[in-house]
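The block underneath contains the structure these notes are about, expressed in structure tokens.
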Amino acid sequence: MSILGIETSCDETSVAIVENGCHVHACVVASQMKAHRRHGGVVPELASRMHTEALPRVLAQAFREAGFGWEKISGIAVTHKPGLESALLIGVTAAKTLARTLRLPLYGVDHIHGHIVAPFLGVLGSSMGTIPFPHLALVVSGGHTQIWLVQSFGEMSVVAQTRDDAVGEAFDKVARRLGLGYPGGPLVEKYARAATEPVVLPVPLRHDPVSFSFSGLKTAVMAEIASVSRENGDQPLSETAIANLSQGFQQAVLQHLLDKLGHAVVTYKPKAVSITGGVAANQYLVTSLREALQVGAFRHSALREPSAKAVLSELGPIPLYAPEFRWCTDNAAMIAAAAHYRRSETLVHAYRKLEVTPTGC
Ligand code: KG4
Ligand code: ZN
């Protein structure tokens, strides 16, 4: 039997049908990106109207892709937090209606738990034993930057998080100031490939092992842009200058992620690390993190102390799990899978009690 997942927390309308938290029979995603692009970010009212319009079509297409009907669906999972309130409401209302009409169990899923399960979608068997626990999950998206300690998919907690902006948000803001467009992450990554002399930018918060911060780094990029423009007599930035700023930004982000991840590795001695969320689509970051975890190469001075070095050498190479590209950004397959692994925690006993909890997108 399969769980049907619904995701409408931000600007993607998605429905998926997933068996045993692993086998994805269908996952349809209708992205609203083009509609929001001209506003430079997600407009909540537009997002909820577009979810309402798209959901029936996306649902029908998911069943067409799966090749079977409701008879094989054992429950309905829906993202109910966090996200844009008006957008979450569309998915939650649809899920409640379907569950009630079809007399199916309803599961209310935390979007972040979905991202944490995503690297293991379709990769491993359905047995819990094949997923490495405990592992650390680095959640890097447009709304979140956190490290979670995942003892099992039923028992997980945040061990580090951002004090201000999320990393994806910083990518988007830097891209906007470089004149690259929205969403910024993929464009910054693309331009950075042509860098010849990456600009050296300060790595934030080196003294605090459990906090991320991206607002200072973003300001440092803005200051560099202003200074390069001044030197050029206020001409638009050249392609080379954009490339060098983009790669300088990526290098500082990488080092910042490595500082906190290294500390968490030494503290919690995980069997594996996963990276997940929209920013996990960044191949430069994923490849560099994978290399660092293979050899335990963390540049932070505290991680080069003998005691930390001893732990790292005892742990040996640590595997990095990254989702397939299609599971990096928001999708309903990860929501259905999270409901499967967290059935007892997510089951909603009285439909009326399932409420949406916003707190950013
Ligand atoms: O997980 P996601 O789809 O939505 C949230 O839950 O926030 O993440 C979207 C974020 C955007 O900020 C986008 O710029 C970023 O992921 N992103 C990237 C890349 N692709 C998407 N950031 C860096 N490099 C990329 N290749
Ligand atoms: Zn997300």
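Things worth noting here:
- Cα gyration tensor shape for the stretch 208-337, rounded if a/c is under 1.5, else prolate or oblate: oblate
- Projecting the Cα positions of His111, Ser274, Pro306 onto the charge dipole of the chain (unit charges on Cβ atoms of Lys, Arg, Asp and Glu, taken about the Cα centre) puts His111 furthest along the positive direction.
- Residues whose amide H falls under 5 Å from that of His300, counting only those 5 or more places apart or on a different chain, are absent, with hydrogens built in the peptide plane.
- Table column - 3J(HN,Hα) (Hz), the stretch 140-148, Karplus curve with 6.51, -1.76, 1.60, x for Gly and Pro: 10, 9, x, x, 9, 9, 8, 10, 10
- With 0.36 nm allotted per residue and the present C-alpha distance subtracted, the Ala223-Thr196 stretch has 7.7 nm of extension available.
- Nearest-20 debye value, the chain charge dipole, Cβ charges on Lys, Arg, Asp, Glu: 480
- D_trans [Stokes-Einstein, Kirkwood Rh over alpha-carbon pairs] for the stretch 164-279, 37 °C, 0.692 mPa s, µm² s⁻¹: 221
- Those residues of the stretch 136-170 whose amide nitrogen sits under 14 Å from the label point placed on Val210, 7 Å along Cα→Cβ: 147-149, 157-163
- For the stretch 1-77, with +1 on Lys and Arg beta carbons and -1 on Asp and Glu, the positive-most of Ile3, Ile73, Ala47 along the dipole: Ala47
- For the stretch 270-335: rounded, prolate or oblate by the Cα gyration tensor [a/c cutoff 1.5]: prolate
- Applying 1/(1 + (r/R0)^6) with r as the Cβ-Cβ distance of Phe325 and Arg57 and R0 = 25 angstrom yields a FRET efficiency of 0.60.
- Overall form of the chain per C-alpha gyration tensor (a/c, 1.5; a/b vs b/c): oblate
- Sorting the segments 331-341, 207-217, 112-122, 224-234 by their mean number of nearby beta carbons within 10 angstrom, highest to lowest, gives 331-341, 112-122, 207-217, 224-234.
- A Förster distance of 25 Å, applied to the separation of the beta-carbon atoms of Ser31 and Thr93, puts the FRET efficiency at 0.75.
- Which listed pairs, of Lys218/Lys269; Lys34/Lys173; Lys173/Lys271; Lys81/Lys271; Lys260/Lys309, have C-alpha distances above 23 Å, in listed order: Lys218/Lys269; Lys173/Lys271; Lys81/Lys271
- The chain, accessible surface, carbon-and-sulfur percent (1.4 angstrom probe): 53
- Helix-only CD estimate at 222 nm, as mean residue ellipticity for the chain, using -39500 (n - 2.57) per DSSP H run (n ≥ 4): -13500 deg cm²/dmol
- Ignoring aspartates and glutamates fewer than eight residues from Lys190 along the same chain, the ones with Cα atoms less than 13 angstrom from its Cα are Glu239.
- Peptides 261-272, 25-36 ordered by average Cβ neighbours within 10 Å, highest first: 261-272, 25-36
- Accessible area per residue, Å², the chain with all protein chains present, probe 1.4 Å: 43
- Per-peptide packing, taken as the mean over residues of other Cβ atoms within 10 Å, places 280-287, 43-50 in the sequence 280-287, 43-50 from highest down.
- Extension reserve of the His349-Leu315 stretch, reckoned as 0.36 nm per residue once the Cα distance is removed: 8.0 nm
The values are calculated or read from the model by the stated rules, or taken from the named source; none is laboratory data. Everything numeric here is computed off the predicted structure, so don't read it as measured data. Glycine also receives a Cβ, built like all others from the backbone with ideal geometry; neighbour counts cover every protein chain displayed. Just the protein is used for accessible areas: all its heavy atoms, side chains included, with ligands, DNA and RNA removed. Shrake-Rupley method; radii C 1.70, N 1.55, O 1.52, S 1.80 Å.
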